Structures are given as C-alpha cells and as structure tokens.
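The values are calculated or read from the model by the stated rules, or taken from the named source; none is laboratory data. What you are looking at is a predicted structure, and each value in this text was computed from that prediction instead of being measured. Reconstructed Cβ throughout: ideal geometry from the backbone, glycine too, with neighbour counts over all protein chains shown. Ligands, DNA and RNA are excluded from the accessible area calculation, which covers all protein heavy atoms including side chains. Shrake-Rupley method; radii C 1.70, N 1.55, O 1.52, S 1.80 Å.
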Amino acid sequence: MKVSEFTDKTITWTWDSVEGASFYHVYVDGALIPAVASSNMFTSDKLLEATFCTMRVSAVSKYNVEGELSSEISQKTRLPEIVMERYIADSTYAKGKSMSLSTSNNVRVYDREKYTATGTIAGEDVSIYMTGIMNTNYAKMVSVVVNGAEKIKVPVNQDCTFRYYAKDIVKTVTDDVKVNLYNRNGTVIETLNVRLSNTSSSAEAQTGSYTNTYQVGSSYITGGYNNELILKALDGKSSGDPTTIEGMPTQMKIELPRLELNPISSVDKIVSGMTEPNGYVRLTVDGTARSVPQADATGYFTISNSSIISGSVILVESKVGSYYPGSVTATVPAPAGAPITPTNLAISDVTQTTAKLSWAASPGATSYKIYQNGYMVPWKSTSITSYSLTGAAGSSWTYQVSALNAAGESLMTAKATVNYLPE
C-alpha cells in the first residue's frame, strides 16, 4: 500500500489488487467501522491541514469474508496555500501569511519547476527577499540568434512580452533561430527555440516563457517571459531533508506599479496622474530627466515643468527602490485653437557663412518660434515667415519652426538642415 497523491485536505491511497476480492474495507485513523472501496484506490477527504492520517485496508470476498488487515501506513497532509500580498516589481520583499506551525519556517520559490530561492516564515508572516530574484532570474533584455550569430539586444516589454524585428535576418524556414533572455546583470537565463513557418499561424496557448511560431518574411518574432512565481511553504527543514513536505502551491504574480497619466497641455505645462500610494515617479521631458516627486497617500502626483511644449515627449516612470520598473510615454498635443504646424520649411541662398530659412504662413498665427539643433528651448522668435541665418563655413545646423497665437503653440515642423559651403 502507498500514498499516490495528497493535498492539504485529501490523501489518495492505492494498493495491489487482491485476487478474489469483491471490494475492500478501508480503516482511516483507527476507525472501527470501515469505509468501502470498490477498487484498489481510496481517497480520504475533509482532512485537516498539516495533520497525520493513518490507514489500513483489507480485502473482502463476494461471500463477505474479510481478509487480513494490511500494515498501517501514515501520511501527513500538506500546508495550505500561502496568502500573498500584491507584489510590485523591484520591491525588496514579498510579504504574505502562512499557517502558523512550529515545524514550518521556510518557503520555497520556484520559476515554474526551477527552484529559485528560499524565503522565511516567522509565526505566520512570510517574507521573501526579492532583489536577487529580480536581478538574476527575471528577463530584462532579449536577443535573437540566427544560425549561431547573435544579434543586438532589445528590452523586454513591461508586460513581460517581447517582439524582435526579424524580417531582414531570418531568411528561410531552414534557419536555426533561437531567442536569448537576459537578466539585469547581462547573463543569459533562458534560451528558447523559435519555430519557423512559411504560412501564418493562429494564436497559441502558452505557459511560462515562450516564442510564437514565426512566419518567415513577417516583421517580428514575438513571445513572452514567465512573470509568475510558485511558492510552497515547507513543513520541515529547508535543507533537503526527505521528510520535509512542501505545501500547496501558491502563484505570485510580479506586477508593475500602478501608473496613469492625465492629459497633458503645453499651456499649463503640468504632468499629473496616479501611481502607488506615497510612491515616487520620475519625469523626463524630451530626453532630459527633470524631477522625481512623491505622490500623496492616495497615489496622486502633479509636476509642473516649464520645458513642456507642444510635441514634447513625456516619459513618466514609477520608482521602486533603486529601479524604475514601470513607465508611460505621451506626446503633448497642440492645444485647441492653436495654429496648424507651418509647412514647406526650406533652406535657400546658402553661402559659406549665410543662408535663408523660410516656411509657408500658418493661418491664424501671430508669431513663430525657431528651434535649433534639436533643442527644445526656442532659439529665436519672429512675426514673419523667414529668417536670415549665419554660420561658419563647412558647418551644419538643423532647424524646426512652430506657430503661435493666443491659444498656444503648434507642433514643430520636421527638421531642415543647412550645410554651409566649405571654404
């Protein structure tokens, strides 16, 4: 007789069939009145967690003659699932509650079937140090390897999916294509094979890390990385003692911090939104980090920044510890009633040291701003549709123009480049 399966509330027992047996008597925990099993399997249910249960069995003939009782075997049920608090990516600790048991002091952490780390249980309080897991066992970058040649790395998306432009690097279905997943420390933590096809395929149900079938000639290889860990409270020592029993598995998802932006206007120049209560966010405007303010107890934050203009690219990142795991990007629109973007920006009359910048008038504009070399602070302002430039022989400069009226500023034009003639 043996235990074939057990949970926190059930134990399934099996034994060798007895020739001539019509059914079996099962005695659980020394019961005087047996349960009846029609086959060589019986499940004890409605048991208590982390509690020993004993069992003996006898075969009964069709004449209701009971045979000899088997020897008694004992099995302890598992600890119940851990109840975890919401875990935000890059937080130092994951916290939760477990059944309080004197023999339960640790919890094992698995990435699917792979052992990853061990946490602690003090009383009923669960604590798992997550920094090492996030740095060494969590994918941050992805590369594609084609016929043994590895291509450049690109970031894994915030939702743990990835896509890699492969149209120009995967040529035929006979290519050998793999995906490497890298941790924050730059070490490969997983290599995935990519299935190739000449035809499109339907969506695939996937678990853990995966790649979708890639149709040769399409744009992207796509896939995802596992962002759920499995936790099991230990009844016994954590050092590999064979008598230690792992508890029922608990899934813990690694979540990004809440991060929502309100609409942004180039008139009031305010970035606001919601994040985690009392959390920090970092504001970057057009590639320049500006500030790292703290939200209030509700998670609301507001940031005023004078460098915001129509067309500015706003990046807001949620800060957790030393990292910024979540981000939202927005482009500031032109305000309602602002002029349309000027058209026909052109360079003419170029000499070694002079040139002319001109554009078509924007209806309703009262003035224009000129931006130089990609800087987001206006270089010059004018009320007409041209500007005389000067520069050094052989040098190059880029310019953009926006239109203004009482309602605000338009988006900027595309860049125009002046190349002064060499000496």
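On the protein heavy atoms, probe 1.4 angstrom, tell me the percent of accessible surface of the stretch 129-178 carried by carbon and sulfur.
Carbon-and-sulfur percentage of accessible area, whole number: 53.
Between ASP16 and THR54, how many nm apart are label points set 7 Å from Cα along the C-beta direction?
If labels sit at ASP16 and THR54, their model points lie 2.4 nm apart.
Loop only per DSSP, at most 12 neighbouring Cβ atoms within 10 Å: give me the chymotrypsin sites (Phe, Trp or Tyr not before Pro) in the stretch 1-99, ordered by residue number.
Sparse-neighbourhood loop chymotrypsin sites (Phe, Trp or Tyr not before Pro): TYR63.
For ASN373 and THR120, calculate 0.36 nm times their separation in residues minus their Cα-Cα distance, and state this gained length in nm to one decimal.
Result for the pair: 85.5 nm of gain on full extension.
Starting from the Cα of THR390, step 7 Å along the direction of its Cβ; do the same at VAL350; then give the gap between the two resulting points in nm.
Result: 2.0 nm between the two label points.
Taking K and R as +1 and D and E as -1, what net charge do the other residues with C-beta under 11 Å from the C-beta of LYS76 add up to?
Every neighbour counted, the sum reads -2.
From Cα pairs below 8 angstrom and at least 6 apart in sequence, can you work out the relative contact order of the stretch 363-423, rounded to a whole percent?
Over the stretch 363-423, the number comes to 35 percent.
Enumerate the lysines that LYS171 could reach by cross-link, defined here as Cα to Cα under 16 Å, with residues fewer than 8 away along the same chain left out.
Partners within reach: LYS151.
Could you tell me the calculated FRET efficiency between THR417 and ARG112, based on Cβ-Cβ distance and R0 = 45 angstrom, to the nearest 0.05?
Taking R0 as 45 Å, the efficiency between THR417 and ARG112 is 0.30.
Determine the gain in length on full extension of the stretch SER38-ASN147; use 0.36 nm per residue of separation and subtract their C-alpha separation, reporting nm with one decimal.
33.4 nm
Tell me, what ³J(HN,Hα) does each residue in the stretch 249-256 have, in order and in whole Hz, if you take phi through Karplus 6.51 cos²θ - 1.76 cosθ + 1.60 with θ = phi - 60° and put x for Gly and Pro?
Result, ordered by residue: x, 10, 8, 10, 7, 8, 9, 7 Hz.
If I model a spin label as a point 7 Å beyond the Cα along the Cα-Cβ vector, how far apart are those points for TYR165 and GLU66 in nm?
7.8
Please turn the phi angles of the stretch 258-273 into ³J(HN,Hα) values with the Karplus equation 6.51 cos²θ - 1.76 cosθ + 1.60 (θ = phi - 60°), one per residue in order, whole Hz, x for glycine and proline.
Karplus-based 3J(HN,Hα) across the stretch 258-273 equals 4, 7, 10, 10, 7, x, 10, 10, 6, 7, 8, 6, 10, 10, 9, x Hz.
Taking the stretch 189-338, how many lysine pairs are there with alpha carbons less than 29 Å apart, if each pair must be eight or more places apart or span two chains?
4
State the extension gain, in nm to one decimal, for the chain segment bounded by THR103 and ASN305, taking 0.36 nm per residue of separation less the distance between their alpha-carbons.
Answer, rounded to one decimal: 67.1 nm.
Would you work out what percent of the accessible area of the stretch 1-109, with all protein chains in place, is carbon or sulfur (probe 1.4 Å)?
Roughly 50 percent of what the probe reaches on the stretch 1-109 is carbon or sulfur.
What percentage of the solvent-accessible surface of the stretch 304-420, computed with a 1.4 Å probe over protein heavy atoms, is contributed by carbon and sulfur atoms?
Of the solvent-accessible surface of the stretch 304-420, carbon and sulfur hold 53 percent.
What accessible area per residue, rounded to a whole number of Å², is obtained for the chain using a probe radius of 1.4 Å?
Computed with neighbouring chains in place, this is 51 Å² per residue.
Set the Förster distance to 45 Å, then compute FRET efficiency between LYS2 and LYS95 from the Cβ-Cβ distance, nearest 0.05.
After rounding to 0.05, the efficiency reads 0.75.
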